[in-house]
Amino acid sequence: MTRDECFELGFIVKPHGLKGLMVTQLDVDDAATYDKLKTLYLALPAAPGTLTPYPIERVNPQGGLRVLLKLRGIERIEEAEPLRGAKLWLPLAELPPLAEHQFYFHDVIGFQVIDAKEGPLGVVENFYELPQQDVLAMRYQGQEVLLPVVDELVSHADMEAKQLFVNMPEGLLDIYLNPGAHKNPNAD
């Protein structure tokens, strides 16, 4: 299993107790969706480029996006401690189905971005997960343009046509094309 065939589910925060349980933080909308998992792939801190399969004994949701994880074969805190910080991965086939017009970020890389007013703009190149919010990166007239991924700005995707429909905020494209023209007069 390679990273290209998987998505990052979360990471191991720390061991919990003495019997091999681990606190994990999931990067998902609903942790309960993943409480019946059978196998996880771990990218261990000592070998971050390699995904190692681990059978799961149980997943206990702890509220929010934290879960207690028990992996088969990890029976003591001394066995759990080296897994601290390991990234958790799952095959893309394990992603839950989405509602109509929703999409996973990896599904729309390469899609044509269509603005409601301006029409075709560019192609989705990447998504960045920033602390404040996720942003879509596209190339527009040779410049990388970042657009916050919020419902008001990113409308929907047409998977068959490979198009992503957006509502660009007024003036955002100008900021990227003419960066010096938009300086804050109150800035030092």
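What to note about this one:
- A simple rule links phi to the HN-Hα coupling: the Karplus curve 6.51 cos²θ - 1.76 cosθ + 1.60 with θ = phi - 60°, which for the range 4-15 gives 5, 9, 10, 10, 7, 8, x, 8, 7, 7, 5, x Hz, with x for Gly and Pro.
- Relative contact order (percent, whole number), the range 8-70, Cα cutoff 8 Å, 6+ residue spacing: 33 percent
- At R0 = 41 Å, FRET efficiency that the Cβ-Cβ distance of Lys19 and Ala99 yields, to 0.05: 0.55
- P(r) tail for the chain: Cα pairs beyond 21 Å make up 60% of the total.
- Vicinal HN-Hα couplings computed from phi for the range 54-64 (Karplus, 6.51 cos²θ - 1.76 cosθ + 1.60; Hz; Gly/Pro x): 10, x, 9, 7, 6, 10, 10, x, 10, x, x
- Whether the range 133-174 is rounded, prolate or oblate, judged on the alpha carbon gyration tensor where a/c under 1.5 counts as rounded: oblate
- Compared with the direct C-alpha span, the chain from Glu5 to Ser155 gains 51.3 nm at full extension, assuming 0.36 nm per residue.
- The DSSP beta bridges internal to the chain are antiparallel in roughly 90% of cases.
- Relative contact order for the range 52-188: 15 percent, from Cα pairs under 8 Å spaced at least 6 residues apart, divided by residue count.
- Annotation: amide H of His156 within the under-5 Å range of Phe165, sequence separation 5 or more or interchain, hydrogens built in the peptide plane.
- Note on the range 69-134: with charges restricted to the Cβ of Lys and Arg (+1) and Asp and Glu (-1), its dipole about the Cα centre is near 240 debye.
- Here the chain is assigned +1 on the Cβ of each Lys and Arg and -1 on the Cβ of each Asp and Glu. Its dipole about the Cα centre then comes out at about 940 debye.
- Per the Cα gyration tensor, the range 28-125 maps to an equivalent ellipsoid with semi-axes of 35, 17, 11 Å, ordered largest to smallest.
- Per-residue packing, averaged as other Cβ atoms within 10 Å, sorts the ranges 4-11, 103-110 into the order 4-11, 103-110, beginning with the highest.
- Cα gyration tensor, the range 1-53 - rounded (a/c under 1.5), prolate or oblate: oblate
None of the figures in this text is laboratory data; all of them are computed from the coordinates on show. Since the structure is predicted, the reported quantities are computational estimates derived from the model, not experimental observations. All Cβ positions, even for glycine, are placed from backbone atoms using ideal geometry, and neighbour counts span all protein chains on display.
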